[in-house]
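Just below is one structure, and these are the notes that go with it.
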Amino acid sequence: MTNTVKTVDHWIGGKTVEGTSGNWGPVTDPATGAVTTRVALASVEEVDAAVAAAKDAFATWGTSSLAQRTSILFKFRALLDANRDAIAELIVAEHGKVHSDALGEVARGLEIVDLACGITTQLKGELSTQVANRVDVASIRQPVGVVAGITPFNFPAMVPMWMFPIAIATGNTFVLKPSEKDPSTALKLAELFAEAGLPDGVFNVLNGDKVSVDRLLEHPDVAAVSFVGSTPIARHIHTTASANGKRVQALGGAKNHMLVLPDADLDAAADAAVSAAYGSAGERCMAISAVVAVGSIGDELVGKIRERAEKIKIGPGNDPTSEMGPLITAVHRDKVASYVTGAAAEGCEVVLDGTGYTVEGHENGHWIGLSLLDHVPTTAAAYQDEIFGPVLCVLRADTYEEGLALINASRFGNGTAIFTRDGGAARRFQLEVEAGMVGVNVPIPVPVGYHSFGGWKDSLFGDHHIYGPDGVHFYTRGKVVTTRWPDPSDAPSGVDLGFPRNH
């Protein structure tokens with residue numbers, strides 16, 4: 001390591017804690033391929049220290065007033081707002097997405113902080129009086145304790161903020177294990193929370209790899225685990241954490257389809273397809289990666305998509321003229337490219353081949369161009385797998401029913417969209433499609449903060465979606481209290497409490 005390489009450690013108990021495991025991971029600038037940072041990878045003992053700090057903090061935070069919690073959250077929100085650009089710069093430097101996209105990510109995370117600031121109304125209980133003579137029944141919700149969040153590289157600010165603001169607002173303490181590929185954003189969020197006055201130990205950041213994840217999944221003092229990532233890991237997280245008695249929300253991968261009917265505005269559909277497929281270099285679980293063209297519109301639609309895709313400017317994320325940045329690592333870039341280079345042999349028509357793309361002056365960056373595959377058979381690997389890169393597949397269907405059946409046959413069910421002018425067709429689609437989030441002429445139907453985010457089938461493991469009402473329920477436990485109090489008129493003889501005795 002050179003002297004120019006910075007070090008990212010842990011945040012435990014309200015302060016930076018140097019890594020002691022002796023294990024480090026490299027963090028690269030995707031635009032140059034250069035290692036800019038080394039990140040500490042936690043040992044089992046360091047995981048235990050972070051959980052212990054969170055457990056100690058829960059003893060007081062879990063019984064703190066809602067007024068205290070929301071007051072700190074409002075201050076945190078103000079600091080986030082004031083530091084949008086600084087956070088976006090960290091995302092650009094380690095993830096590679098363009099600055100405007102990074103700012104959008106911060107804005108979507110702020111939506112959930114807004115929700116957490118107003119958590120008081122979400123935690124109101126229920127009361128039934130006089131269910132029997134002098135008997136009342138109340139339902140309340142209480143925090144579960146220490147909760148852990150394990151988050152992916154593609155949204156280092158937004159996805160953690162899908163979790164910890166609501167968890168902390170409802171009285172829990174939190175241990176965040178961010179991706180080791182772009183860890184600096186999480187540390188910045190921790191620093192801002194401390195500046196807002198959050199008590200030590202309520203929010204902890206633990207950098208690490210599989211060692212730290214496995215320990216969190218089995219740790220007896222972790223009550224709940226939230227995860228966003230690939231389907232195989234989501235399944236492992238759900239199975240392992242559940243076997244250890246924890247509640248789990250594990251969001252997995254996706255293969256999101258966009259059904260385009262013959263009556264659709266094809267220019268609007270093409271704009272949406274390009275934005276949804278290639279935005280953030282396709283590294284998002286809500287990306288549209290498969291367009292299903294119905295009827296005779298396929299050739300025209302593919303032509304419009306190609307025309308737009310060819311104009312997208314690819315370059316470093318800190319260049320304001322760039323519309324798409326590099327992929328996160330060279331290994332991931334090569335894997336994405338393999339789906340394109342092998343597509344023709346599997347029966348696909350390669351309309352655009354983005355492999356081999358490079359940017360002058362940044363030849364060692366993790367670059368790949370936009371790829372467009374047409375007439376893709378459902379047996380092709382490019383269709384079967386979640387590619388997580390700028391590759392768009394176009395499939396053909398003769399009818400709405402055929403297109404719907406194709407979508408519902410996918411093992412994934414995260415998000416989907418339909419483009420049409422026909423309200424009746426759109427209504428049928430939103431009821432008949434097997435996916436957790438549906439867009440009608442909206443290509444990326446990510447819900448606003450006060451609705452919950454989550455898919456069906458192999459895109460979600462566990463009963464709860466993330467943030468919104470499901471998030472509040474996930475991070476709290478219900479309790480029912482049945483109460484009977486003696487009436488003052490029943491007081492012992494000789495004691496007059498001033499209440500009439502005639503009822």
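The values are calculated or read from the model by the stated rules, or taken from the named source; none is laboratory data. Please read these numbers as outputs of a predicted model, since none were measured by experiment. Cβ sites come from the backbone with ideal geometry, for glycine too, and all protein chains shown count toward neighbours. Note: areas computed on protein heavy atoms with side chains; ligands, DNA, RNA excluded. Shrake-Rupley method; radii C 1.70, N 1.55, O 1.52, S 1.80 Å.
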- Does residue 306 satisfy the condition of being under 19 Å from the mean Cα position of the chain (by Cα), basic (Lys, Arg) and either under 27 Å from residue 336 (Cα atoms) or open to solvent by less than 10 Å² (accessible area, probe 1.4 Å) (or both)? no
For region 1-49 the number of residues that are within 29 Å of residue 357 (Cβ to Cβ), of a type in the set (A, V, I, L, M) and outside any strand (DSSP E or B) is 3
The residue that is least open to solvent (accessible area, probe 1.4 Å), considering only those in region 210-222 that are over 22 Å from residue 154 (Cβ atoms) and touching a strand residue (DSSP E or B) at 6+ places or on another chain (Cβ under 6 Å), is 222
Listed by first then second residue, the pairs whose first member lies in region 218-242 and is of a type in the set (Asp, Glu), whose partner is open to solvent by 10 Å² or more (accessible area, probe 1.4 Å), with beta carbons under 8 Å and at least 6 positions apart or on separate chains, are 218/240; 218/244; 221/52; 221/55
For region 481-495, pairs from a residue that is modelled with pLDDT of 90 or more to a residue that is assigned to a loop (DSSP other than H, G, I, E, B) and of a type outside the set (Val, Ile, Thr), with Cβ under 8 Å and 6 or more apart or across chains, are 484/134; 485/134
Scanning region 239-274 residue by residue, those crowded, with 16+ Cβ neighbours inside 10 Å and part of a helix (DSSP H, G or I) turn out to be 240, 241, 242, 266, 269, 270, 272, 273, 274
Going through (1) among the aliphatic types (A, V, I, L, M); (2) in contact with a strand residue (DSSP E or B) (Cβ under 9 Å, 6 or more places away or on another chain); (3) open to solvent by less than 40 Å² (accessible area, probe 1.4 Å) one by one, residue 34 fails only at (3)
Cβ pairs under 7 Å, 6+ apart or interchain, first in region 134-154 and farther than 17 Å from residue 471 by Cβ, second open to solvent by 40 Å² or more (accessible area, probe 1.4 Å) and among the small types (Gly, Ala, Ser), ordered by first then second residue, are 136/128; 137/128; 138/125; 139/125; 139/478; 140/125
When restricted to 80, 103, 90, the only residue on the phi < 0 side of the Ramachandran plot, in contact with a Pro (Cβ under 9 Å, 6 or more places away or on another chain) and either buried (at least 21 other Cβ atoms within 10 Å of the Cβ) or assigned to a helix (DSSP H, G or I) (or both) is 90
**Message:** Condition first: in a helix (DSSP H, G or I) and either modelled with pLDDT under 95 or within 21 Å of the chain's Cα centre (by Cα) (or both). Can you find one or more residues in region 128-143 that meet it?
**Reply:** no
